[in-house]
Amino acid sequence: MNKFNLNNSYKAVVIGGSAGSFQGMIKILSQLPKNFPLPIIMALHRLKHVRHGFVEALSIKSVVPVTEPYDKEPVKKGGVYLAPANYHMSVELGHTFALSTEEMVNNSRPAIDITLGSCAYVYKDKLIGILLSGANKDGALGMKHITDKGGLTIVQEPSECMIETMPKAALALTKIDHVLKVDQIVEFLKELDKQYK
Amino acid sequence: MQDIDIADLKKITELIFQKYRYDFRNYAMSSFKRRVLRILELKKLNVETLLKKLNDSPGFIYEFLDELTVNVTEMFRDPGFWRILREEIIPGILLNHKQFKIWHAGCSSGEEVVSMCIMLKEMGILQDVTLIASDLDTTILERAKAATYTMKNMELNEKNYIRFQGTGNLKDYYTEENGVAVFDKTLLANVSFRKHDLVLGEVFNKFDLILCRNVMIYFNQTLQNEVLKKFHESLFKYGYLAIGSKESLIWCDYASRFIVVNNEEKIYKKIKD
Ligand SMILES: C[S@@+](CC[C@H](N)C(=O)[O-])C[C@H]1O[C@@H](n2cnc3c(N)ncnc32)[C@H](O)[C@@H]1O
């Protein structure tokens, strides 16, 4: 029954995505188990100067409303968070969000590498990292940080991706635990949820 | 990529504090660490050689500060914020004072200051306003004084200006010379640029409006609260404080002395001494 061999030691799920990840992200959020026990922290590439609309679009079908955290906002269990436009988003050791306007990384702000890397540092082997479809290599290094700290990594099955560059870059750079279709990622999260109930 | 642990970061901040009197000990850890790692990479140093360089070559500190601070900025950043300033906040100040004072704390390369002067000019009140623009980083302050920006950045600045719905055309305020936009210096006639450290610096004046946007995100909560205290002291009663759109004062003790006048654009008003 426990197909992915999970346990209840995880503290957070971090998800990166870019071009072609929107539909997958919606599917994941709309099928998220009720009262999901972990925070979901998302860094998705987006238009830098459009502050509104994206979080609303993600929220429409999401089981839990998605919010863009303020700087210093505490990370809460069950919260679903999206990196705001034109800011990099990190998590601090005290489990609060930190935003920054540093230079773009991989041509992106928010950069997935920054969010994944900071989560890896804070949550270590208690982190699950998921990387979806995308057209550049942002996120690959972040996934390597997660693997190096003993976290669990998942990339979207490249053949299912609208653009496979991003998951492929991660697969080339580091060990990835599971290569899954979006439907299987949904299954994975359901199974994870069960470990906490 | 090399990593750096907290003990090493502490050695660096201690040395800088003891030797140069800049205090980064309460900066937000995640971004501070990335900045230091970036410097190590840029300057081809490791922690030991960095400490040695900071200790042995006094001139290096300015280079270090310039790289350490995050100077990324834009003209008319968050155009909606500037519209609220023009349509609500400044008219509110003008009800009580025909002449008033603005402080840009952490002005970086000055785009925010130039934007302010353009807006005040379009409102016909530029001559009535005294502005102070300050930053910790002297290298970037020189760039702010020059008010020249690479044309590469002007596309974004123009877009922001259009969304701000200025009365003219941003091109009216600068001339293009060798790939840089040189802004009309008369715009900045009422601006004094000064080096000022928000952490160790004294309160030096009183203002009707303070802009400190995307600066306190680099501080931890303790430091934020201390700096907010200084802003509180630097504001006239009923003066305004504007912070970045993704910042909030709710985690600061001093927040109770302010009310939110615009939550979307994060503009606060001091209501209690
Ligand atoms: C990202 S820029 C903000 C520019 C502009 N306000 C904006 O929102 O676009 C941050 C600036 O804060 C300055 N800064 C950082 N620490 C400071 C301190 N202790 N005192 C004064 N300025 C500081 C940095 O040098 C940098 O220029």
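Count, please, the residues in segment B:178-209 that happen to be farther than 30 Å from B:Glu233 by Cβ and in contact (Cβ under 8 Å) with a residue 12 or more places away in the chain.
Kept after step one, since they are farther than 30 Å from B:Glu233 by Cβ, are these residues of segment B:178-209: B:178-186.
Filter once more, keeping what is in contact (Cβ under 8 Å) with a residue 12 or more places away in the chain: B:179-183, B:185.
Of the residues in that region, 6 qualify.
Search segment B:51-77 for residues being basic (Lys, Arg) and free of Cβ contacts under 8 Å to residues at least 24 places away in the same chain, and hand back the single one that is nearest to the other protein chains (Cβ to nearest Cβ).
The initial filter retains those residues of segment B:51-77 that are basic (Lys, Arg), namely B:52-53, B:77.
Those still in the list that are free of Cβ contacts under 8 Å to residues at least 24 places away in the same chain too: B:52-53.
On the way: B:Lys52: 26, B:Lys53: 23 Å.
For segment B:51-77, the residue satisfying everything is B:Lys53.
Just to check your reading of the model, which residue among B:Lys246, B:Lys237 is in a loop (DSSP other than H, G, I, E, B) and either away from chain A (no Cβ under 14 Å) or at pLDDT 95 or above (or both)?
The conditions single out B:Lys246.
Pick from segment B:49-98 the residues that are over 30 Å from A:Lys48 (Cα atoms) and not in a helix (DSSP H, G or I): which of them is farthest from the chain's Cα centre (by Cα)? Spell out how you get there, then give the answer.
Initially, segment B:49-98 is screened for residues over 30 Å from A:Lys48 (Cα atoms), giving B:49-62, B:91-98.
Now restrict to residues that are not in a helix (DSSP H, G or I): B:57-59, B:97-98.
Numbers: B:Ser57: 28, B:Pro58: 25, B:Gly59: 24, B:His97: 25, B:Lys98: 25 Å.
Among them, the one singled out is B:Ser57.
Output the number of the condition that B:Arg257 fails; it satisfies all remaining conditions of (1) among the charged types (D, E, K, R); (2) within 12 Å of the ligand (Cβ to nearest atom); (3) farther than 16 Å from B:His104 by Cβ.
Status for B:Arg257: all satisfied but (2).
Restricting to segment B:200-215, name every residue that is in contact with a Lys or Arg (Cβ under 9 Å, 6 or more places away or on another chain) and hydrophobic (A, V, I, L, M, F, W, C).
B:Leu200, B:Val203, B:Phe204, B:Phe207, B:Leu209
Among the residues of segment B:63-80, is any closer than 25 Å to B:Tyr238 by Cβ and modelled with pLDDT of 95 or more?
Narrowing segment B:63-80 to residues closer than 25 Å to B:Tyr238 by Cβ: B:78, B:80.
Subset that is modelled with pLDDT of 95 or more: B:78, B:80.
The answer is yes, given that some residue of segment B:63-80 is closer than 25 Å to B:Tyr238 by Cβ and modelled with pLDDT of 95 or more.
If you go through segment B:55-67 one residue at a time, do you hit one that is among the polar types (S, T, N, Q), outside the structural domain of B:Leu241 (by TED's automatic domain parsing) and within 27 Å of B:Thr148 (Cα to Cα)?
No: segment B:55-67 contains no residue that is among the polar types (S, T, N, Q), outside the structural domain of B:Leu241 (by TED's automatic domain parsing) and within 27 Å of B:Thr148 (Cα to Cα).
Could you check segment B:217-254 and list, in sequence order, the residues that are in contact (Cβ under 8 Å) with a residue 40 or more places away in the chain, under 22 Å from B:Thr73 (Cβ atoms) and either away from the ligand (no atom under 16 Å from the Cβ) or of a type in the set (Val, Ile, Thr) (or both)?
Across segment B:217-254, the qualifying residue is only B:Ile217.
State yes or no: is B:Asp5 surrounded by fewer than 19 Cβ atoms within 10 Å (Cβ to Cβ), farther than 22 Å from A:Glu102 by Cα and free of Cβ contacts under 8 Å to residues at least 24 places away in the same chain?
no
Quick one: is A:Ala172 touching a residue at least 24 places away in the same chain (Cβ under 8 Å), surrounded by fewer than 19 Cβ atoms within 10 Å (Cβ to Cβ), in a loop (DSSP other than H, G, I, E, B) and more than 14 Å from chain B (Cβ to nearest Cβ)?
Taking the combined requirement at face value, the residue does not satisfy it.
Quick one: count up the residues across segment B:184-201 that are within 16 Å of the ligand (Cβ to nearest atom) and either basic (Lys, Arg) or in a strand (DSSP E or B) (or both).
Selection size over segment B:184-201: 5.
Among the listed residues A:Val50, A:Val66, identify the single one that is hydrophobic (A, V, I, L, M, F, W, C), surrounded by fewer than 18 Cβ atoms within 10 Å (Cβ to Cβ) and more than 8 Å from chain B (Cβ to nearest Cβ).
Exactly one of A:Val50, A:Val66 is hydrophobic (A, V, I, L, M, F, W, C), surrounded by fewer than 18 Cβ atoms within 10 Å (Cβ to Cβ) and more than 8 Å from chain B (Cβ to nearest Cβ), namely A:Val50.
Looking at B:Ser115, B:Ser109, can you tell me which residue is assigned to a loop (DSSP other than H, G, I, E, B) and buried (at least 16 other Cβ atoms within 10 Å of the Cβ)?
Matching residue, one of B:Ser115, B:Ser109: B:Ser109.
Tally up the residues in segment B:117-164 that are within 14 Å of the ligand (Cβ to nearest atom) and aliphatic (A, V, I, L, M), please.
Summing the residues that are within 14 Å of the ligand (Cβ to nearest atom) and aliphatic (A, V, I, L, M) in segment B:117-164 gives 8.
For segment A:30-45, check the following and say yes or no: at least one residue is assigned to a loop (DSSP other than H, G, I, E, B) and free of Cβ contacts under 8 Å to residues at least 12 places away in the same chain.
no
Would you mention how many residues in segment B:27-45 are outside any helix (DSSP H, G or I) and within 13 Å of another protein chain (Cβ to nearest Cβ)? It would help to see each step written out before you state the result.
Kept after step one, since they are outside any helix (DSSP H, G or I), are these residues of segment B:27-45: B:27-28, B:43-45.
After this cut, where a residue has to be within 13 Å of another protein chain (Cβ to nearest Cβ) as well, the list is B:27-28.
Residues meeting the conditions: 2.
Looking only at segment A:69-112, which residues are of a type in the set (S, T, N, Q) and within 12 Å of chain B (Cβ to nearest Cβ)?
Step one: list which residues in segment A:69-112 are of a type in the set (S, T, N, Q), which gives A:86, A:90, A:96, A:100-101, A:106-108.
Matches in segment A:69-112: A:Asn86, A:Ser90, A:Thr96, A:Ser100, A:Thr101.
Can you run down the residue pairs with Cβ atoms below 6 Å, 6 or more apart or on separate chains, where the first is in segment B:107-120 and more than 14 Å from chain A (Cβ to nearest Cβ) and the partner is hydrophobic (A, V, I, L, M, F, W, C) and within 7 Å of the ligand (Cβ to nearest atom)?
If the second residue must be hydrophobic (A, V, I, L, M, F, W, C) and within 7 Å of the ligand (Cβ to nearest atom), the pairs left are B:Val113/B:Cys107.
The values are calculated or read from the model by the stated rules, or taken from the named source; none is laboratory data. Values in this document were obtained by computation on a predicted structure and should not be read as measured data. We place every Cβ from the backbone using ideal geometry, glycine too, and count neighbours over all the protein chains shown.
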